[in-house]
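Since every read-out is calculated from the coordinates, none of them should be taken as a lab result. As the structure is a computational prediction, the values presented were derived from the model and not from experiment. Every residue, glycine as well, gets a Cβ built from its backbone with ideal geometry; the counts of neighbours run over all protein chains shown.
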Amino acid sequence: MTDSLHVIIAVINNKGGVGKTTAAVNIAAALATARRRVIVVDLDSQASASVWFGVDRERLKPSSATCLLHGYPARQAIRTTGVPHLDLITGSPELANADLALADVPGRELTLKQSLQGLRQRYELVILDCPPSLSLVTVNALVASDALIVPVPPQHLAVEALTSVLASADRVRTRISSKGRLLGILLTMVDQKRASTSELRERVRAQHRERVFLTEIPESRALEEAPAAGKTIFEFAPRSRARRMRSTAWAAKSSSGSTLAADPRCVAGRPRTLNLGVEQYLPRRFPSRMSLK
């Protein structure tokens, strides 16, 4: 990776239980290497990503809330994880009060972006695990990010809400002139045994076409159990099929088979060029054997 590539990706969905945290944690773990330092910023008041990495709920401070609400330097809130080259800024229950705490702050939508500025020089990839709502915290994440990943399971209510999620993100981007663009919709928790799965999958692909990643994330018992063990899938089940995620050549592809550029020049809204440096900062393929819970 070149020094000029420093990217912030927000994993968002207004609905809970769609796999945001599992996607954020395990994609970050898969991408962290000696040449690519990665950090997960937990923006959820439930702090699920933080607990996943083994942080006790009584020891969450200093957290993303400390940085966002009290001006604490983000660099001083960084913690190491058990995964080499992967760090963490924890979430906190205090984030539930962020809308009220930031209500009278001038430029409140820019608070997170300003707080994360220092991380861009230290990490090639920053992954934001967002709360399941379009709160002011999520708006801050949309403003701060270069790209968005939207996990969605083939379930009726989640699929029904997807259009609203994308529209909300577009409204925020337009109103505040955010550069964050949709990198892709990631189908998660795909259970081939359910009769409705095929119909809903095809519905998502028909409606959103090239914006849906080709790769789908099926259910896996290993990933269901990994959070309780406080380990990523690579640590918890190194021989599972999901373990192949790290060695697979990943690509963010459109449903037509062409590779979507993941270069920051494309993400920032410049001309979309195919096969433009995607291997430099994003995996060439999203995990095909990982369930998201």
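Convert each backbone phi in region 95-107 into a coupling constant with the Karplus relation 6.51 cos²θ - 1.76 cosθ + 1.60 (shift: θ = phi - 60°), then list the ³J(HN,Hα) values in order as whole Hz, x for Gly and Pro.
Values, residue by residue: 5, 5, 9, 4, 4, 6, 5, 9, 3, 9, 8, x, x Hz.
Quote the Stokes-Einstein diffusion coefficient, in whole µm² s⁻¹, for region 1-100, based on the Kirkwood radius over alpha carbon pairs, a temperature of 4 °C and a viscosity of 1.567 mPa s. Before the final figure, lay out the partial values.
Working: Rh = 14.1 Å.
D, rounded to a whole number, is 92 µm²/s.
Where in region 85-116 does the amide nitrogen come within less than 14 Å of the point 7 Å from the Cα of Ser133, taken along Cα to Cβ?
Residues 92-103 qualify, since their backbone N sits under 14 Å from the label point.
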